[in-house]
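Here is the structure we will look at, set down as structure tokens.
The values are calculated or read from the model by the stated rules, or taken from the named source; none is laboratory data. Quantities reported herein were computed from a predicted structural model and do not represent experimental measurements. Positions of Cβ are generated from backbone atoms using ideal geometry, with glycine treated the same way; all protein chains shown enter the neighbour counts. Side chains included, ligands, DNA and RNA excluded: accessible areas come from the protein's heavy atoms. Shrake-Rupley method; radii C 1.70, N 1.55, O 1.52, S 1.80 Å.
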Amino acid sequence: MARPKKTTTKTVSKTTLKPTASTVTKTPKKVKLVSPAALPNRGSQVILHRIGFLASRAKSQRRIIIPIVILAILIGLVLLAQKYLVIAWVDNKPITLFQYYQSMDSQYGSQTKDELIREQLILDEASKRKVAVSTQEIDAQIKKYQDQSQGIDNFNQALAAQGLTLESLKKQVKLQLLIQKMFGSSATVSDDEVTKYISDHKDQLPADITDTVKQSVRDQLSQQKLVDAFQAWLATAEKSSQVKK
């Protein structure tokens with residue numbers, strides 16, 4: 001009987017094989033992409049830093065400047081008070097502008113108030129009627145007054161005697177010219193009116209009635225008519241709702 005053949009089993013030792021680069025595929029890490037616009041460059045950082053510095057500096061300067069400005073305003077108010085609110089000092093006691101006006105009001109208050117009201121009424125009426133007076137017209141009338149005074153010195157003395165200045169006279173002349181323009185149409189004088197006036201006032205006129213005398217009478221009558229028309233309008237205007245005392 002034949003012996004069975006021995007089967008030899010080869011034992012293969014297991015060895016751990018290291019993977020090679022060719023056999024392994026690496027999985028890349030996910031990278032979060034950022035927009036280039038979101039990445040500030042160096043110049044932007046410098047600018048932002050500079051802006052922050054300037055803002056901080058401006059804030060510091062404001063803290064210094066504001067008290068200085070307030071102090072300057074207070075000093076200015078004190079100086080203005082001394083210049084305009086105090087008109088004189090007597091024994092180190094001030095005489096205020098309020099005291100001055102209070103005294104003036106008690107003496108001339110009513111008259112001054114009425115003058116201011118009339119002046120404003122005239123200006124408003126002229127504006128409504130679109131009547132104006134130019135600087136040239138005012139200067140021409142002032143020149144007539146100077147010529148009548150026979151010299152600038154006499155003219156200035158006459159102003160001082162009446163307590164007027166050149167500016168206050170110009171103001172009065174402007175009002176007079178406005179009145180003439182607004183009510184001049186009511187100041188027309190006929191020849192019959194001149195003749196009647198001469199006949200009624202012979203004892204007050206020269207014996208020889210020349211053209212110069214007639215013209216003088218005409219001007220006088222014209223001026224009187226102008227004043228009458230103005231006074232009639234003024235009386236109505238002062239009683240109107242325009243005036244509230």
*Single unsatisfied condition, residue 230 versus (1) open to solvent by 40 Å² or more (accessible area, probe 1.4 Å); (2) within 27 Å of residue 114 (Cα to Cα)*: (1)
_Number of the condition not met by residue 242 [criteria: (1) outside any helix (DSSP H, G or I); (2) surrounded by 16 or more Cβ atoms within 10 Å (Cβ to Cβ)]_ = (2)
*Mind listing just one residue for me: the one in the stretch 162-199 that is over 28 Å from residue 128 (Cα atoms) and at pLDDT below 90 and, of those, least open to solvent (accessible area, probe 1.4 Å)?*
164
*Any chance the stretch 147-156 includes a residue that's closer than 24 Å to residue 233 by Cα and surrounded by fewer than 12 Cβ atoms within 10 Å (Cβ to Cβ)?*
no
_Just the residues that are in contact (Cβ under 8 Å) with a residue 24 or more places away in the chain, among the hydrophobic types (A, V, I, L, M, F, W, C) and part of a helix (DSSP H, G or I), please, taken from the stretch 181-224._
182, 183, 187, 194, 221
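Residue by residue, here is whether (1) in a helix (DSSP H, G or I); (2) under 27 Å from residue 183 (Cα atoms); (3) under 33 Å from the mean Cα position of the chain (by Cα) holds:
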{"residue": "116", "(1), (2), (3)": "yes, yes, yes"}
{"residue": "119", "(1), (2), (3)": "yes, yes, yes"}
{"residue": "122", "(1), (2), (3)": "yes, yes, yes"}
{"residue": "130", "(1), (2), (3)": "no, yes, yes"}
{"residue": "140", "(1), (2), (3)": "yes, yes, yes"}
{"residue": "157", "(1), (2), (3)": "yes, no, no"}
{"residue": "160", "(1), (2), (3)": "yes, no, yes"}
{"residue": "167", "(1), (2), (3)": "yes, yes, yes"}
{"residue": "172", "(1), (2), (3)": "yes, yes, yes"}
